[in-house]
Amino acid sequence: MASDNTAHFERVEKLAKDPERVRRNFWIKFKRVAAKLPFAEELLAAYYCAFDRETPRHVQAALLAAIAYFVLPFDFVPDMLPVLGFTDDAAVLATTIRMVASHITPEHREAAHAALTRGLEDQDV
């Protein structure tokens, strides 16, 4: 029988294997919480890198897993907690970005910045 922690990672792994579901759920959650995220632009850059066809598959897999962790409503630290809610998401994302940083291009970062600048209403859900 899986422990709660193991079960959580199993849900992340399952979701990460369904990129279209990650894409759809990402925008739903991101629009809802973007104003609270100090790492919003980095998360968007990672998202654009993960869905870039030029990104190597192993990098896409790592980024999709980090994004899936962000998307899932069940975290080790619940997202609704003020200040602490997104610390686990930020840690997972920061670790993943550090591992694949050379693949997140200036174009991914520019797309993230542009999306935040123009507002999120235009983004696909």
Where a ≥ b ≥ c are root eigenvalues of the Cα gyration tensor, a/c under 1.5 meaning rounded, otherwise prolate if a/b exceeds b/c and oblate otherwise, the range 11-75 counts as oblate
Residue-ordered couplings for the range 38-44, obtained by feeding phi - 60° into the Karplus form 6.51 cos²θ - 1.76 cosθ + 1.60 and rounding to whole Hz (Gly and Pro as x), are x, 10, 4, 5, 5, 5, 5
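Coordinate-derived values only; no laboratory data. Remember, it's a predicted structure, so these values are computed and weren't measured experimentally.
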